[in-house]
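J.: Provided herewith is a single structure, encoded as structure tokens, for subsequent inquiry.
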């Protein structure tokens, strides 16, 4: 699918500012969309929108289909008559630039429980919209709601630690649970109904401003998820619920021991028996939420790094073949040409590139990786191609300002190499890299909001392989200068990144 020449910003909704301890889908989401429009941007890239668990990573969600209830806006719930001003009066104090997830989630869940009690009094379960939603999403919603109810009663324990009848989904045990915990199951369905309504309103507003949403689809599911629990035959999980093999990547520039993600792998032969129906449903569901999908770890569709389930690091893994062309041919036959961006970073083989190009998907270019000895020359701007997406960095990188500052402190050749290539002697190498991205022949440019704001390492979103302290950054509007929208709008005009509506 050909993408128009355009520009956008990468910012996850949790990083939006606001008067609550966690960014959400309330007024600030609309304010941010207005900022994008004023800046000439036509893309807003977000991270996965699923319900996060331990570690708060959007790449380890309790469902590949559900939305994150922590993103629900209390103000929108108030406007819908499910909360009152008094309910929102006692907001706990918080750091406006860093999320403390534990306290933020506790506060949000109290509000959501209160909203549900009010919804019950208003008999929301009998509303045609709610019953229609539950009917249309039944294929994943029923299992997800039961999963979350059981998990809640087990103090958040991984499903593999539940008692055997629930862990192995004995029909009688599940039926009994559904009967005895019907209200809690309905609560989780209610949260999904509200999420889909709030997110749909945000996306509709963005589309009305000529802004498309770029979503993120992790190739693998989380081990502790409703998908692994309810569709176990599709994953490398044994009869007792233990992972036989797990996903990750071998040693690379992010980690000398590789990355041990811990996600169960797919039983591709089993999935092929019904023409990848689970995947077809997943991609279709994603396109109900976003306009463009970025597939994280695209190379896993050609080969995946298969690690023994009990391995301490990713070093013990091996490359194993995936269905590749057969898979995407089946998806295309069912869903047509898809607006997909392939995350093709890391150790990439000619076979991966051939698969990407056969599918017609644009790949990614990261400018931080382009300069200095031992870096990837393919990311230098003169090696870009139109059908690609250029970034200064991604959510896994340090901010560009911090990247260059650390390189200068280490006295390596990265900064001199970048200055020589860019022919730049000024004091804001970060903005020169952004301008270079805009000038690239790549059809799409997306800049992390941290780089737009010229922030340092304290604004880094994720450090691969580091446990804790990730995903917590937020910005505030006082970090946005009054001339910033016009500055970016001018670049959009100069470098012809204003696609027609």
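Nothing in this text is a laboratory measurement; each read-out follows from the coordinates by a stated rule. Just so it is clear, the structure is predicted and the values come from calculations on it, not from any experiment. Using ideal geometry, Cβ is built from the backbone for each residue, glycine included, and neighbour counts are taken over all protein chains shown.
J.: What distance in nm lies between label points placed 7 Å from Cα along the C-beta direction at residue 257 and residue 413?
T.: Rounded to a tenth, the inter-label distance reads 3.1 nm.
J.: Which order, highest average first, do 417-425, 207-215 follow once you tally other Cβ atoms within 10 Å for each residue and take the mean per peptide?
T.: Values: 417-425: 14.4, 207-215: 18.3.
Sorting 417-425, 207-215 by mean packing, highest first, produces 207-215, 417-425.
J.: What ranking do 389, 441 get, fewest neighbouring Cβ atoms within 10 angstrom at the top? Display every interim value, and only then the final one.
T.: Numbers: 389 29, 441 14.
So the residues, fewest neighbours to most, are 441, 389.
J.: Next question. With both partners inside the stretch 6-494, how many of the DSSP beta bridges are antiparallel, as a percent to the nearest 5?
T.: Working: 13 of 39 bridges.
The antiparallel fraction comes to roughly 35 percent.
J.: Residue 275 to residue 239: FRET efficiency via 1/(1 + (r/R0)^6), r the Cβ-Cβ distance, R0 25 Å, to the nearest 0.05? Intermediate results must be reported in sequence, preceding the final value.
T.: Values: r = 26 Å, r/R0 = 1.04.
Efficiency, from the Cβ-Cβ distance: 0.45.
J.: If one puts a single equal scatterer on every Cα of the stretch 324-445 and applies the Debye formula without solvent, what log₁₀ I(q)/I(0) results at q = 0.17 Å⁻¹?
T.: Log10 of I(q)/I(0), two decimals: -0.87.
J.: A further question follows. Would you order 428, 56 from fewest to most other beta-carbon atoms within 10 Å of each residue's own beta-carbon?
T.: On the way: 428 13, 56 19.
Least to most surrounded, the residues fall as 428, 56.
J.: What relative contact order, as a whole-number percentage, does the stretch 356-489 give when Cα pairs under 8 Å and 6 or more residues apart are counted? Before the final figure, lay out each step's value.
T.: On the way: 184 pairs, mean separation 35.4, N = 134.
Once normalised by length, the contact order is 26 percent.
J.: Something else: Remind me, relative contact order of the stretch 6-494 in percent, using alpha carbon pairs under 8 angstrom and six or more residues apart?
T.: On the way: 819 pairs, mean separation 89.7, N = 489.
Relative CO of the stretch 6-494 lands at 18 percent.
J.: Packing-wise, with mean Cβ within 10 Å as the measure, how do 257-265, 445-453, 473-481, 29-37 rank, highest first? Walk me through the intermediate numbers first.
T.: Working: 257-265: 21.3, 445-453: 25.0, 473-481: 15.6, 29-37: 19.4.
Packing proxy ranking, top to bottom: 445-453, 257-265, 29-37, 473-481.
J.: On average, how much area does the Cα convex hull of the stretch 300-394 cover when viewed from any direction, in nm²?
T.: Details: hull surface 31.7 nm².
With every direction weighted equally, the projected area is 7.9 nm².
J.: While we're here: What does the helix-only formula give at 222 nm for the chain: each DSSP H stretch with n ≥ 4 adding -39500 (n - 2.57), the total divided by the residues, and the result rounded to the nearest 500 deg cm²/dmol? Write down the numbers at each step before the final one.
T.: On the way: 18 runs with 194 residues, N = 501.
Helix contribution divided over all residues of the chain: -11500 deg cm²/dmol.
J.: With a cut-off of 8 Å between alpha carbons and a minimum separation of six or more residues, what is the relative contact order of the stretch 387-450 in percent? Before the final figure, lay out the partial values.
T.: Values: 55 pairs, mean separation 36.1, N = 64.
Taking the mean separation of contacting Cα pairs over the length of the stretch 387-450, I get 56 percent.
J.: Ordered by packing density, taken as the mean number of other Cβ atoms within 10 Å over each peptide's residues, highest first, how do 231-244, 3-16 rank? Spell out each step's value before the answer.
T.: On the way: 231-244: 16.1, 3-16: 22.1.
Answer by packing, highest mean first, reads 3-16, 231-244.
J.: Report the full-extension gain for the segment residue 157 to residue 30: residue separation times 0.36 nm, less the Cα-Cα distance, to one decimal in nm.
T.: Details: separation 127, 0.36 × 127 = 45.72 nm, distance 3.61 nm.
Here the segment from residue 157 to residue 30 would lengthen by 42.1 nm.
J.: To test your reading of the geometry: what angle, between 0 and 90 degrees and rounded to tens, separates the Cα axis of helix 101-121 from the longest principal axis of the chain?
T.: Value to nearest ten degrees: 50.
J.: If you find the alpha carbon centre of the stretch 201-276 and of the stretch 454-475, how far apart are they in angstrom?
T.: 22
J.: Determine the gain in length on full extension of the stretch residue 84-residue 486; use 0.36 nm per residue of separation and subtract their C-alpha separation, reporting nm with one decimal. Can you show the working numbers first?
T.: Values: separation 402, 0.36 × 402 = 144.72 nm, distance 3.83 nm.
Here the answer is 140.9 nm.
J.: Quick one: helix 182-208 against the long Cα principal axis of the chain, what's the angle to the nearest 10°, folded into 0 to 90?
T.: That works out to roughly 30 degrees.
J.: With 10 angstrom as the radius, rank 154, 297, 384, 181 by how many other C-beta atoms surround their C-beta, starting from the fewest.
T.: Details: 154 14, 297 23, 384 20, 181 17.
Ordered from fewest to most neighbouring Cβ atoms within 10 Å, 154, 297, 384, 181 come out as 154, 181, 384, 297.
J.: If you stretched the chain out fully between residue 125 and residue 313, how much longer would it get, using 0.36 nm times the residue separation minus the C-alpha to C-alpha distance?
T.: Numbers: separation 188, 0.36 × 188 = 67.68 nm, distance 4.70 nm.
Length gained between residue 125 and residue 313: 63.0 nm.
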